[in-house]
1. Return the residue satisfying two criteria in turn: it lies in the stretch 29-61 and is of a type outside the set (Asp, Glu), in a helix (DSSP H, G or I) and free of Cβ contacts under 8 Å to residues at least 40 places away in the same chain, and of such residues it is nearest to residue 101 (Cα to Cα).
2. If residue 28 meets every condition in (1) out of contact with any helix residue (DSSP H, G or I) (no Cβ under 9 Å at 6 or more places or on another chain); (2) open to solvent by 40 Å² or more (accessible area, probe 1.4 Å) apart from one, which number is that one?
3. Just need a number here: residues in the stretch 62-100 that are open to solvent by less than 30 Å² (accessible area, probe 1.4 Å), of a type in the set (Gly, Ala, Ser) and under 22 Å from residue 47 (Cα atoms).
4. For the stretch 1-10, name all the residues that are open to solvent by 50 Å² or more (accessible area, probe 1.4 Å) and either within 13 Å of residue 86 (Cβ to Cβ) or not polar (S, T, N, Q) (or both).
5. Of all residues in the stretch 34-61, which are open to solvent by less than 50 Å² (accessible area, probe 1.4 Å), farther than 12 Å from residue 88 by Cβ and in contact with a Pro (Cβ under 8 Å, 6 or more places away or on another chain)?
6. Working only within the stretch 1-24, note down all residues that are in a helix (DSSP H, G or I) and of a type in the set (D, E, K, R).
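The values are calculated or read from the model by the stated rules, or taken from the named source; none is laboratory data. None of these values were measured; they are calculated from a predicted model. Counting neighbours? That spans all protein chains shown, and the Cβs are built from the backbone with ideal geometry, glycine included. Surface areas here come from the heavy atoms of the whole protein model, side chains and all, with no ligands, DNA or RNA. Shrake-Rupley method; radii C 1.70, N 1.55, O 1.52, S 1.80 Å.
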Amino acid sequence: MRKDLQKVLNWPLGSIVAQGCHATTAMIWKHRDDERVKSYTANLESMHKVTLETKNEASLLKMADNLKEKNIPYHLWIEQPENIPTCLATVPVMRSDLGDALKKCSLLR
């Protein structure tokens, strides 16, 4: 999630939360045949998510490039009609499998 949506662009919290929901829903649908997604959605009562922040659009796009290089499936949400990349969601993956793809990210606060 881009931190600047709140701090610089002054988006309301509800709009920012919606971006994460959009990205996650799109990722689950887009990768619904992936075994990791099937396993993750098999037990809806014990899902675990981590929301990380990235500084701005440039850092978000760099994160997408890093994931692509590591062959980690994701969905980059681009808010319309503004055409603004706001966040991305990966398939369910262990932190150890991410390597340094998200090394510059920290927990969203």
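1. The extreme case among them is 61.
2. Among (1) out of contact with any helix residue (DSSP H, G or I) (no Cβ under 9 Å at 6 or more places or on another chain); (2) open to solvent by 40 Å² or more (accessible area, probe 1.4 Å), residue 28 violates only (1).
3. Total meeting the criteria: 1.
4. Of the residues in the stretch 1-10, the ones open to solvent by 50 Å² or more (accessible area, probe 1.4 Å) are 6-10.
Correct list: 6, 7, 8, 9.
5. 34, 37, 40
6. 4, 7, listed by residue number.
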